[in-house]
1. Would you tell me the accessible area of ASP186, worked out with a 1.4 angstrom probe on the heavy atoms of the protein chains, in Å² to the nearest 10?
2. Between ARG150 and ALA262, what is the label-point separation in nm under the 7 Å Cα-to-beta-carbon projection?
3. Can you list the HN-Hα couplings for the stretch 269-276, worked out from phi with the Karplus curve (6.51, -1.76, 1.60; θ = phi - 60°), rounded to whole Hz and with x for Gly and Pro?
4. List nothing, just return the count: lysine pairs in the stretch 196-337, 8 or more apart or interchain, with Cα separation under 23 Å.
5. Under a plain spin-label model, where a point goes 7 Å from the Cα along Cα-to-Cβ, how far apart in nm are ARG251 and SER193?
6. Sequence-distant or interchain residues sharing an amide H contact under 5 Å with TYR295, placed H: which?
7. Could you state the number of Å between the C-alpha centres of the stretch 95-113 and the stretch 292-309?
8. Compute, for LEU280, the solvent-accessible surface of its heavy atoms (probe 1.4 Å) with the complete set of protein chains present, and express it in square angstrom to the nearest 10.
Amino acid sequence: MTEHEEQPTAERDRAHTETGEEQPRQAAQDVAGESGAQVSTDITAAGVPEAAIPELVIISGMSGAGRSTAAKCLEDLGWFVVDNLPPALIPTMVELGARSQGNVARIAVVVDVRGRRFFDNLRQSLADLDTKGVTRRIVFLESSDEALVRRFESVRRPHPLQGDGRIVDGIAAERELLRELRGDADLVIDTSSLNVHELRAKMDAQFAGDEEPELRATVMSFGFKYGLPVDADLVADMRFLPNPHWVPELRPYTGLNEEVAAYVFNQPGAKEFLDRYAELLRLIAAGYRREGKRYVTIAIGCTGGKHRSVAMSEKLAARLAAEGVETVVVHRDMGRE
């Protein structure tokens, strides 16, 4: 059973927990193409000025990772959102937007395994759009197996691809199916530990418009023993510094403690690293702006994500904020030990 088929109305209206994954809103129905009809996709046809071609965002990712929440966020920002559109019909939707006389300037399309019989057409559709000058981005919603299982179990729903197997079997099949698309994504968001509001904040940071700051940064401390953050754009390793864990009077505290932070930055190389990494980030940030990237996640790691990475993340975030970069600090693993 897919997310559309044979579900009672009451259950279909229930939202996913944690990331607020909602059941799909009604999108394009009975579209020519499924019935075999030929549909023109000549976006550059006479009478359609190039300036009228709408901006396009493809939203995809793991079932239960927050696709509907991401789509709803874009809808709230004024985007025209189409849920579960067969990929072969994306050029048709863009053409219709181009012929709307500017009424549909931004289109977001949710593509996922519910339309898996059409999924193989996605790459060809994107290639066609590229040749016609359509500005498009791919947003991929990612989440850990554990988080996805928990979300499906909490609403007592099967995974769209699990068939007669377990939820984890469906998740594994979906990861394999989406592997190539994930590699092509312009923005990957890991929602494993995000709530609805945090996911919306990440989408707002990327798509809210020109009135927003040019670049937003999340500086995330983490512990290597808990794994790398899958949505990190940049990763730095603080394990070259002595660990306050081995100082008995500092062990109970975190990098937010002044004495712990002082211990970390009194070590050889700590201040030098902060200065040079901040300088490197200025160079990278300038390049991101030129390429139109408006959101970056900088991960700072140590062994457990409690002392060194926390102290360095706080200092680095303060540097970025002082230079006009809107910055959020997240301590992913602090308190897990």
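The values are calculated or read from the model by the stated rules, or taken from the named source; none is laboratory data. Because the structure is a prediction, the values reported are computed rather than measured. Counting neighbours? That spans all protein chains shown, and the Cβs are built from the backbone with ideal geometry, glycine included. Please note that ligands, DNA and RNA were not included when accessible areas were found on the heavy atoms of the full protein model with its side chains. Shrake-Rupley method; radii C 1.70, N 1.55, O 1.52, S 1.80 Å.
1. Using a 1.4 Å probe on the heavy atoms, I get roughly 80 Å².
2. Distance between label points: 3.8 nm.
3. x, 5, 5, 5, 4, 4, 5, 6
4. Details: LYS202/LYS293; LYS202/LYS315; LYS225/LYS306; LYS225/LYS315; LYS271/LYS306; LYS271/LYS315; LYS306/LYS315.
Lysine pairs satisfying the spacing and distance rule in the stretch 196-337 number 7.
5. 2.3
6. ARG216
7. Using only Cα atoms, the two centres lie 35 Å from each other.
8. Here the accessible area works out near 80 Å².
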